[in-house]
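Mind looking over this structure? Questions follow.
The values are calculated or read from the model by the stated rules, or taken from the named source; none is laboratory data. On a predicted model such as this, the values are computed, not experimentally measured, just so you know. When we count neighbours, we look across all protein chains shown, and the Cβ atoms used for this are built from the backbone with ideal geometry, even at glycine. Protein only, heavy atoms only, side chains kept; ligands, DNA and RNA dropped before computing areas. Shrake-Rupley method; radii C 1.70, N 1.55, O 1.52, S 1.80 Å.
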Amino acid sequence: MARFGVLSLAVLLGLQAAMLVSCFDPSPLQDFCVAVDEPKSAVFVNGKFCKDPKLVKAEDFLFQGLNIPGSTNNRQNSNVTLVNVDRIPGLNTLGISLARIDYAPYGLNPPHTHPRGTEILVVVEGSLLVGFVTSNPDNKLFTKVLYKGDVFVFPIGLIHFQFNVGHGPALAFAGLSSQNPGTITIANAVFGSKPPISLDVLTKAFQVDEKVIEALQMQFKA
């Protein structure tokens, strides 16, 4: 009986632990939660201020103009038009966003990460050399040349890039698994931080002379 009692208790505790785990629900607890900057006309739902559903309009779920090419007249010869929760308030809590990426010939979307989202990219025009690098210690590069209609996935948080290897403009669209995936462009973050990262840190990290680091920092000064 004692043995049965211990077993029953262990099973009961196991069931309780399982119940505790299964109680977590990452899904939204309402149809939508249109973001609002100030809570005057808002309700507090699921830990966030949301626009009062009675005041929500179709325009809260609309963005217009993604058919318009972004200007690629910059040093990277590329442009990202991001449609996130800042552009569509209705995306709040829905965990998704969209981007249009324009590339001039030999334009580059430089190595960067999205700390809060996986990216899936489809090429609409042109050809792109794309790739991502895995985390330490392997730092393995997965790379491919994509053509019109090809799709490629960049896992969340990993450094990735796209480079237009064609002679004409290229266009791609990307879906991201966050309403606000964030972007950290590696070179800008390392060499253009405000205030600058210590020269001692960067010279040791990159194993180069101070003059090399200073020259790189000059490139990324605002």
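Could you look at segment 145-211 and say what percent of its accessible area is carbon and sulfur, using a 1.4 Å probe and all protein chains?
On the way: 2440 of 3810 Å².
That share works out to 64 percent.
Report the net charge of residues surrounding residue 96, where surrounding means a beta-carbon distance below 13 angstrom and charges are Lys +1, Arg +1, Asp -1, Glu -1.
+1
Moving to a separate point now. Sorted from largest to smallest, which semi-axis lengths in Å does the alpha carbon gyration tensor of segment 103-222 give for its equivalent ellipsoid, taking the root of 5 times each eigenvalue?
29, 17, 14
Quick check: Cα centre of segment 50-114 to Cα centre of segment 189-222, how many Å?
For segment 50-114 versus segment 189-222, the Cα centre distance is 30 Å.
Rounded to the nearest 20 Debye, what is the dipole magnitude of segment 166-222 about its Cα centre when Lys and Arg each give +1 and Asp and Glu each give -1 at the C-beta?
Dipole magnitude for segment 166-222 comes out near 140 debye.
Quick one: grab the alpha carbon gyration tensor of segment 82-156, order the square roots of its eigenvalues as a ≥ b ≥ c, and give me rounded if a/c is under 1.5, else prolate or oblate depending on whether a/b is larger than b/c.
oblate
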